[in-house]
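Report on the following structure.
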Amino acid sequence: MAEPKTSSRALVVLSALMPVLLLGGVLYLLFARGTGLRLEAPAPIEKLDFERVVLEPGEIRAHVLNTGPEPLTIVQVQVGWISRASWEFEIKPDPTLPRLGRAVVRIPYPWTPGEPYEIVLITANNLIFTHEIEMAQETPTPGPEMLGAFALLGVYVGVIPVFLGILWLPFLRSLSRQWYFFLLSLTAGLLVFLGVDALHDALENAERVPDPYQGVALILIGLSLSLLGLYAVSGWLKQRRQSRSSGTAEVTTPLLLAYTVAFGIGVHNLGEGLAIGGAYALGEFATTFLLVVGFMVHNLTEGVAVVAPVVRTEFRWRHLIWLGLLAGAPTIAGTLMGAFTYTAVWAVLFLAIGAGAVFQVVIEITRHQMRQAGAASLASGASLAGFALGLAVMWVTGLFVTV
Amino acid sequence: MKNRTRMLLATVLVLAMAAGLLLWPPGREAADQADSSPQARAVAASHGRHLPPTKGSGMFQYATPTGRRFEASQVYDPSPPPSEPAPNGVREYTLVIEEDVPHEVAPGVLVPAWTFNRTVPGPVLRVTEGETLRVTLINKGKLPHTIHFHGIHPASMDGVFELVPPGGEFTYEFVARPYGVMPYHCHSMPTSQHIHNGLYGMVIVDPKEGRPPMRELAMVMSAFDLDRDGEAEFYAWNGRAFQYADNPVELAAGEPVRMYVMNIFEEAMVPHLHGNLYQLYPSGTTLTPTEFTDVKTLSIAERAILEFTYDYPGHYMFQCHVTEHMEQGLMGWFRVVEDETVARRTQK
């Protein structure tokens, strides 16, 4: 076969662009000539999403996003308590929102803590958009005190439990070798549970994502990107290690595996922190003492998951601190981001990334065990029992989290 | 062995860190902040800021008013036509029905109203008992319409059987009786829609002997359900939410006032005056009041005459005492001023 001539390159480019150019032409004709169909909606289509609602003493501020196909104008505001009341309001930057435009509606309303409210926005086309505040409480503002409080919440929920779980290491080390695979399987069980849980949370949050941002598609993107991305990164790390030690060393060191687990859990905790902080910011639940305790118990197991791979390995103890921080500290970032800059989009994305990371770690652990003891060991009594116990522990401690 | 010691050390360190964090005070302080004291303070502060009603739409006392208001030019004139004998004993009116007339219910909220003479409510008609009321209806809409009058009249003048087709015309003619406050409204089916959309108004039938001259106001209480979900978004005196809050009705201290009130919405309404009580004439069909009160529930299509006099100058709210109705627009202000000419006039 003859080599294609260089002059045909223009033809190749043209053939690549042709369908797009033709589509442009067709669209032009459509706009210029019309379709003969009535494409105008008989009634105006407007959509308005509440992204964030801030409650301050004597004031409610609603951050809204126009997710409809056309610009819309907010002309009246009411606040519902038992019944609705017309209220003063101020809209910045402008009462007219272009498509995907944002505005802040300031309502000087003397709300009282613990009461339910409804925010009612009426547009110039007489469409009504409402947002329910289940129980009013002051929204944290990013002052040093609230910043500290939310960072502390992250520490409680993420960092402390992970470190406490790591403290089981001396005990785990005293166990005999056959317990090692039990522990690895336990970790796998914990992680599978976490991954499914994160997906569930992501789906829940996806309902709050404005339609044009396609929440469920975001989950798919986050999940697959983290799964494939981590796969590529760990592959690259192994390759580097292999070439450096001229192929004699073990393919995956237990320490590297521990770091992978810690990273996966860390990303997951970031998403969890976002969800907690965000829900708090939307006034959808009070961070009750019970809930924080529940998360602590739940996340205690994450510490076990992090150190399980290195139970039978000598390593420098400083690694434990890095492992714990890698797994736990992202929670702090999550609660802070969630509380002060919450949008559902980020929560969904990070929860999905977390789920992908966690699932990738499960694959990694499984491969590690297969290399160490063969595929048959996965079906051994110890492994199955460990996996089942991992799921059970998460389920039981999860009882504390769902209030 | 050395490694063991290090592990132990690390354990102690982590435990100490954890204990320190658990006992760290900022978290508790933040929790303490959640109590209601700043909230209570803010509410108290806003309550203390009663701004003059000249600036106000609905709930002005809580904030600096912003946004659009009803201009004086948009306000429905609350004064009814004067009571005077009709030429040749025949009082004539022409009512033109149009559909989808933009009607601003609240600033910026325009509803496609169906109107008599392009206003909601329609114009107040006034006639003396025993005179002939002759009302010509011109239907400029796309639907058949009628006018149904309350009162005593022949069946053929009841505005129920004969629909006036689009482009059609019909003249209602009957002797007005009895005296009182009577509603008129379209009775085409579905009547609920024709009334809700704005086809209603008030007829004042004066007694032959007349009533003592007073400053007079006519107020129709109604509501507008924008999304047709059975719950109105705006309630109004004379068709616009808060129009008399944005533009208070001026009265003079010592001046006797007669207010004709009618409820045309499908919920009970309770006209209530602040700083005063009124003599109540239910349906306006008596010459002597039956009650001296400041709240009277007007059921559906019920009406009354209220007579009162303000002794002191100042701003007085007149509202529907159903608080939901008040908060959604059935609220206005009387600005009572010292007026010596009025005082002299009424002393005569």
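The figures follow:
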item: Residue A:70 in a strand (DSSP E or B), more than 11 Å from chain B (Cβ to nearest Cβ) and either out of contact with any strand residue (DSSP E or B) (no Cβ under 8 Å at 6 or more places or on another chain) or within 23 Å of residue A:276 (Cα to Cα) (or both); result: no
item: Scope segment A:89-113; condition within 9 Å of chain B (Cβ to nearest Cβ) and within 30 Å of the chain's Cα centre (by Cα); matching residues; result: A:106, A:113
item: Residue ID - nearest to the chain's Cα centre (by Cα), chosen from residues in segment A:321-331 that are surrounded by 24 or more Cβ atoms within 10 Å (Cβ to Cβ) and of a type in the set (A, V, I, L, M); result: A:327
item: Inter-residue pairs, beta-carbon under 8 Å, first closer than 18 Å to residue B:269 by Cβ and in the same structural domain as residue B:264 (by TED's automatic domain parsing) and in segment B:285-297, second of a type in the set (S, T, N, Q) and part of a loop (DSSP other than H, G, I, E, B), 6+ apart; result: B:294/B:276
item: Neighbours by Cβ (under 9 Å, 6+ apart or cross-chain): first from segment B:109-135, modelled with pLDDT of 95 or more; second of a type in the set (Lys, Arg) and crowded, with 23+ Cβ neighbours inside 10 Å; result: B:120/B:240
item: So residue B:281, is it in contact (Cβ under 8 Å) with a residue 40 or more places away in the chain, in a strand (DSSP E or B) and among the hydroxyl-bearing types (Ser, Thr, Tyr); result: no
item: Single residue of segment A:53-106 satisfying the filter (of a type in the set (A, V, I, L, M) and surrounded by fewer than 17 Cβ atoms within 10 Å (Cβ to Cβ)) that is modelled with the lowest pLDDT; result: A:100
item: Residue in segment A:126-145 that is farthest from residue A:56 (Cα to Cα), counting only those that are at the interface with chain B (Cβ under 9 Å from one of its Cβ atoms) and either buried (at least 20 other Cβ atoms within 10 Å of the Cβ) or of a type in the set (S, T, N, Q) (or both); result: A:126
item: Complete set of residues in segment A:338-360 that are within 20 Å of residue A:144 (Cβ to Cβ) and either surrounded by fewer than 21 Cβ atoms within 10 Å (Cβ to Cβ) or basic (Lys, Arg) (or both); result: A:340, A:341
item: Any chance residue A:138 is in contact (Cβ under 8 Å) with a residue 12 or more places away in the chain, among the acidic types (Asp, Glu) and more than 23 Å from residue B:245 (Cβ to Cβ); result: yes
item: Test: residue in segment B:92-106 that is part of a loop (DSSP other than H, G, I, E, B), buried (at least 17 other Cβ atoms within 10 Å of the Cβ) and either touching a strand residue (DSSP E or B) at 6+ places or on another chain (Cβ under 8 Å) or of a type outside the set (S, T, N, Q) (or both); result: no
item: Matching residues in segment B:178-193 - criterion: being in contact with a strand residue (DSSP E or B) (Cβ under 9 Å, 6 or more places away or on another chain) and surrounded by fewer than 18 Cβ atoms within 10 Å (Cβ to Cβ); result: B:178, B:191, B:193
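One line per residue, one yes/no per condition, for (1) under 14 Å from residue B:215 (Cα atoms); (2) small (Gly, Ala, Ser); (3) loosely packed, with under 15 Cβ neighbours inside 10 Å:
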{"residue": "B:271", "(1), (2), (3)": "no, no, no"}
{"residue": "B:277", "(1), (2), (3)": "no, no, yes"}
{"residue": "B:313", "(1), (2), (3)": "no, no, no"}
{"residue": "B:316", "(1), (2), (3)": "no, no, no"}
{"residue": "B:323", "(1), (2), (3)": "no, no, no"}
{"residue": "B:327", "(1), (2), (3)": "no, no, no"}
{"residue": "B:334", "(1), (2), (3)": "yes, no, no"}
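So that you can scan it fast, the table gives a plain yes or no per residue for (1) more than 14 Å from residue B:234 (Cβ to Cβ); (2) touching a Lys or Arg at 6+ places or on another chain (Cβ under 8 Å):
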site	(1), (2)
A:69	yes, yes
A:85	no, no
A:94	yes, no
A:102	yes, no
A:105	yes, yes
A:116	yes, no
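The values are calculated or read from the model by the stated rules, or taken from the named source; none is laboratory data. The structure presented is a predicted model; accordingly, all values stated were derived computationally and were not measured. Glycine gets a Cβ as well: all are built from the backbone with ideal geometry, and neighbour counts include every protein chain shown.
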